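Here the structure is laid out as structure tokens; the discussion comes afterwards.
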Amino acid sequence: MSKPESTGGRLEGRIALITGASRGIGAAVARRFAQEGAHLVLTARTPGALEEIDDEIQKITGDPATLVPLDLTDFDAIDQLGAAIFKRFKKLDILVGNAGQLGTLSPLGHIQPEEWGRVMDVNVTANWRLIRSIDPLLKASDAGRAMFVSSAVGRTPRAYWGTYAVSKAALEMMAMIYAAEVEITNVRVNLINPGPTRTAMRATAFPGEDPDTVHTPESITGMFVELAEATCMRNGELLVAD
Ligand code: NDP
């Protein structure tokens with residue numbers, strides 16, 4: 001399919017990396033960014049799901065996304081991802097650190113060490129490894145924009161949410177530190193709390209909930225677009241969905 005004429009979208013021509021793009025919030029942000037004219041680099045572990053999102057995106061824009069199936073706990077793969085983006089694009093305009101895992105909701109003393117490690121690896125360490133790998137590429141952009149997806153429990157203790165809540169608190173501190181470090185550069189770094197959103201993770205956390213009582217992933221993509229725009233000067237802020 002030939003590429004359509006420029007749509008004049010808010011992210012026209014920007015190159016965006018989105019983690020956890022195979023479903024839920026990440027997939028909705030990918031579709032929205034495509035509508036806004038961005039070229040997308042999409043990651044998750046499930047190649048088939050990424051291909052389905054890419055089919056949808058190509059129907060919208062005619063521009064195929066760059067698909068990079070990887071497990072974010074494979075930290076060497078994150079380094080290789082940065083190197084591959086540099087080789088192909090020489091820069092990255094937008095980083096959306098969205099991928100996350102809930103873990104098992106249980107008392108702190110009952111959490112299995114392997115699970116604690118896995119949730120911390122995906123929710124915290126992988127985002128640090130992304131920063132480490134991608135920071136030079138964001139700085140090579142005229143307006144590098146990074147955003148990380150947190151949760152209300154990162155600031156408000158909730159019994160039995162231990163691993164997830166601790167990981168999101170750590171993610172928030174890390175993003176704030178990164179924001180402070182890049183203050184004098186062209187890079188801006190912020191956080192998003194999407195609020196209760198109709199996804200697989202939400203259904204696991206609240207199995208008895210009527211999904212129609214929480215908002216859809218599509219309805220919150222505007223916050224991501226705002227933080228991704230070159231004109232957005234916010235830095236070190238947390239945006240919370242209504
Ligand atoms: P989903 O479980 O629907 O999606 C999670 C995404 O992360 C999937 O694309 C999954 O892809 C990817 N992922 C998980 N583990 C890995 C891994 N090891 N390596 C690579 N990719 C991985 O969750 P949501 O869309 O709900 O969540 C998105 C973000 O929003 C998360 O950070 C979550 O904490 C946060 N959030 C969500 C809320 C909600 O109500 N839904 C509320 C507050 C915050 P795959 O399985 O293919 O690897």
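The values are calculated or read from the model by the stated rules, or taken from the named source; none is laboratory data. Keep in mind it's a predicted model, so treat the numbers as computed, not measured. When we count neighbours, we look across all protein chains shown, and the Cβ atoms used for this are built from the backbone with ideal geometry, even at glycine. For accessibility, only protein heavy atoms count, side chains too; no ligands or nucleic acids. Shrake-Rupley method; radii C 1.70, N 1.55, O 1.52, S 1.80 Å.
Roughly how many debye, to the nearest 20, is the charge dipole of the chain about its Cα centre, given +1 on each Lys and Arg Cβ, -1 on each Asp and Glu Cβ, and no other charges?
Roughly 360 debye, rounded to the nearest 20.
Where nothing but the Cβ of Lys and Arg (+1) and of Asp and Glu (-1) is charged, how large is the charge dipole of region 120-200 around its Cα centre, in debye to the nearest 20? If you can, show how the numbers build up before the last one.
Values: 9 positive and 6 negative charges, 55 e Å.
Roughly 260 debye for region 120-200.
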### Query
Can you list residues whose amide H is under 5 Å from residue 93's amide H, if they're 5+ apart or on another chain and H is modeled 1.01 Å from N?
15
### Task
Project the alpha carbons of region 15-240 onto their principal axes and report the range along each, largest first, in whole Å.
46, 39, 31
### Under Karplus coefficients 6.51, -1.76 and 1.60, residue-wise ³J(HN,Hα) of region 150-160 in Hz, glycine/proline x
10, 7, 4, 6, x, 10, 10, x, 9, 3, 6
### Query
Which percent of the accessible heavy-atom area of region 15-240 goes to carbon and sulfur, probe 1.4 angstrom?
55 percent
### Cross-link partners of residue 59 among lysines (Cα-Cα below 21 Å; sequence separation of 8 or more within a chain)
3
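Check each of the GluC sites (Glu not before Pro) in region 140-227 and keep only those in coil by DSSP with at most 16 other C-beta atoms within 10 angstrom; list them in order. Mind dumping the intermediate values first?
Working: sites: 172, 181, 183, 209, 218, 226; in loops: 183, 209.
Here the GluC sites (Glu not before Pro) that fit, given the DSSP loop and packing criteria, are 183, 209.
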### Task
Only helical DSSP H runs with n ≥ 4 go in: add -39500 (n - 2.57) per run for the chain, normalise by residue count and round the 222 nm mean residue ellipticity to 500 deg cm²/dmol.
-13000 deg cm²/dmol
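Taking a ≥ b ≥ c as the square roots of the Cα gyration tensor eigenvalues, with a/c under 1.5 meaning rounded and otherwise prolate when a/b beats b/c, else oblate, which class fits region 161-203?
In terms of gyration-tensor shape, oblate.
Over 18 Å between C-alpha atoms is what I'm after, so list which of 91/139; 87/139; 91/168 land there. Each step should come with its number before you reach the end.
Numbers: 91/139 8 Å; 87/139 15 Å; 91/168 28 Å.
Table pairs above 18 Å Cα-Cα are 91/168.
So, counting K/R as plus one and D/E as minus one, what does the shell of residues with Cβ under 12 Å around residue 32 add up to?
Cβ neighbours under 12 Å give a net charge of -2.
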### 5 angstrom amide H check on residue 67, placed H, neighbours 5+ away
42
#### Entry: About the Cα centre, charge dipole magnitude for region 96-144 (Lys/Arg +1, Asp/Glu -1 at Cβ), debye
100 debye
### Message
Under 5 Å between amide hydrogens, which residues at least 5 positions from residue 188 or on another chain qualify, with H placed 1.01 Å from N in the peptide plane?
### Response
144, 145, 146
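Find the accessible area per residue for the chain; the probe is 1.4 Å, ligands and nucleic acids are left out, and the unit is Å². Please report the intermediate quantities before stating the final value.
On the way: 11100 Å² over 242 residues.
Computed with neighbouring chains in place, this is 46 Å² per residue.
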